[in-house]
Amino acid sequence: MSGSEPAAGSSATSGGPLAGITVVTLEQAVSAPMCTRTLADFGARVIKVENPQGGDFARDYDDVVNGLAAHFVWANRGKESVTLNLKSEAGIETMHRLLDKAHVLVSNLAPGAMARLRLSASDLAERHPDLITVEIDGYGAGGPLSHKRAYDLLVQAESGACAVTGRPGEPAKPGPPVADISSGLYAALSILALLCGKGRGNGGELSSVSVSLFDTMTELMGYPLTYTKYSGIDQQPLGMSSPAVSPYGSYGTRDGQTVVLGTTNDREWQRLAREILERPDLADDTRFAGNSGRVRHREVLDEAIESWCGRHDLEHIQKTADAAGIGNSRYNLPSEVLEHPQLSARDRWRQVDTSAGPIEALLPPPIIVGFEPPMGAVPGLGQHTDRVLADFGFTGDDIAALRGDGAIGPAYC
């Protein structure tokens, strides 16, 4: 596909609740790409501006997806890639011409980078007064860590998330990049709120948003921070369990599987003890009458549940738990989730085009009746430069001149 051809299934040509909205993004890695991919999933046109020298560095994290990087193909479908050298005056002016017709600018560059490019919210306010600007950073402005680079693991450690994950003395990073993903989703939510406000004639003066990974993670840490603030106790991580409720954890089964059982209130505990464990002595024990007592004595309950589960196969345990109205699940590896019947039965997989051929990807979580997410192609570096610039009023001679000056990358092939 040449840069002058429309991207098959791209959000630029698909309907949806955000059809007609144009988003320009200066993004790397995961947080901003997840924000803009979410907008593309809703039908926005997303123009990803990349450095001609390599582009988004997530393109090179690995090559496991037919030669492409897993992070990149996951977070960048449905976008158009334009290469611009923003260190050149012609490149910056080209960027402004894109912003002249854009509704939103999203960025997550290194601290101070947008200001050095003269693309900060205050820099853009005069020339682009209606533009919504969203900057995702590490620690937010005005604090002692504001100057620092921030990656998902670093912020998860700084925010305490690693201290409540794993086991005592063995802290762990939550597997998914939750700081990046959640910050991207908060940014997307903020954009939708501002677009909604502008569309209703409200909040027209509200156009600038900043979201920090640290603020996002301290929000997600709301329960443990609140608990510690008012108890003075740093709760210890419990692996596949929770310090907040009991019983709630994972248990080995007779057939070598792992089942996860959970109760969230006293009624469920009574059903678990009487109908599943057949232990009225535990159900009647005053130590376990309330959740606080069950938490204090979780070892006793876990031992009883572990013993019962060890005498039964997973299928029997889950059928018994379902019949008693007790929440349960099977511990799965990623390779097992790929074949999960809940995904296949609900037709959650779709084909997405890439420069290396079609791949399989999951539909986004929101299900909007009457709307099929576009699931547009993953762009090659600079693939849409010529077409996008033409759409924004650049002539063939203009594009050739920009290319000759090094303001844009080479023609895509």
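Laid out as a table, the results:
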{"quantity": "Å² per residue, accessible surface of segment 263-324 at 1.4 Å", "calculated": "56 Å²"}
{"quantity": "The chain: calculated mean residue ellipticity at 222 nm from DSSP helix runs of at least 4, using -39500 (n - 2.57)", "calculated": "-10000 deg cm²/dmol"}
{"quantity": "The chain: most fluctuating residue of Gly166, Gly20, Gly256 per GNM, C-alpha cutoff 10 Å", "calculated": "Gly256"}
{"quantity": "Solvent accessible area, Å² - Cys413, 1.4 Å probe, full protein context", "calculated": "150 Å²"}
{"quantity": "Centroid-to-centroid separation of segment 20-88 and segment 173-236 [C-alpha atoms, Å]", "calculated": "22 Å"}
{"quantity": "Selected from Leu154, Ile136, Thr94, residue furthest toward positive end of dipole (segment 89-162; charges at beta carbon)", "calculated": "Leu154"}
{"quantity": "Label-point separation in nm, Thr395 to Leu206, each point 7 Å along Cα→Cβ", "calculated": "4.4 nm"}
{"quantity": "In Å², nearest 10: area of Phe72 left accessible to a 1.4 Å probe", "calculated": "10 Å²"}
{"quantity": "With at most 14 other Cβ atoms within 10 Å, longest stretch of the chain clear of loop GluC sites (Glu not before Pro) (DSSP)", "calculated": "1-125"}
{"quantity": "Sulfur and carbon atoms: percent of accessible area, the chain [1.4 Å]", "calculated": "54 percent"}
{"quantity": "Kyte-Doolittle mean at least 1.0 and Cα axial length at least 24 Å: DSSP H helices in the chain", "calculated": "178-199"}
{"quantity": "Around Val65: net Lys/Arg minus Asp/Glu count, Cβ-Cβ under 13 Å", "calculated": "-3"}
{"quantity": "Test item: Cα-centred dipole of segment 138-220, Lys/Arg +1 and Asp/Glu -1 on Cβ, debye", "calculated": "120 debye"}
{"quantity": "Rounded to the nearest 10 Å², the accessible area of His316 at probe 1.4 Å", "calculated": "90 Å²"}
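The values are calculated or read from the model by the stated rules, or taken from the named source; none is laboratory data. Predicted model, so just to flag it, every value in this text is computed and none were measured. Note that we place each Cβ from the backbone using ideal geometry, even for glycine, and neighbour counts take in every protein chain shown. Accessible surface is based on the protein model in full, side chains and every heavy atom, while ligands, DNA and RNA are left aside. Shrake-Rupley method; radii C 1.70, N 1.55, O 1.52, S 1.80 Å.
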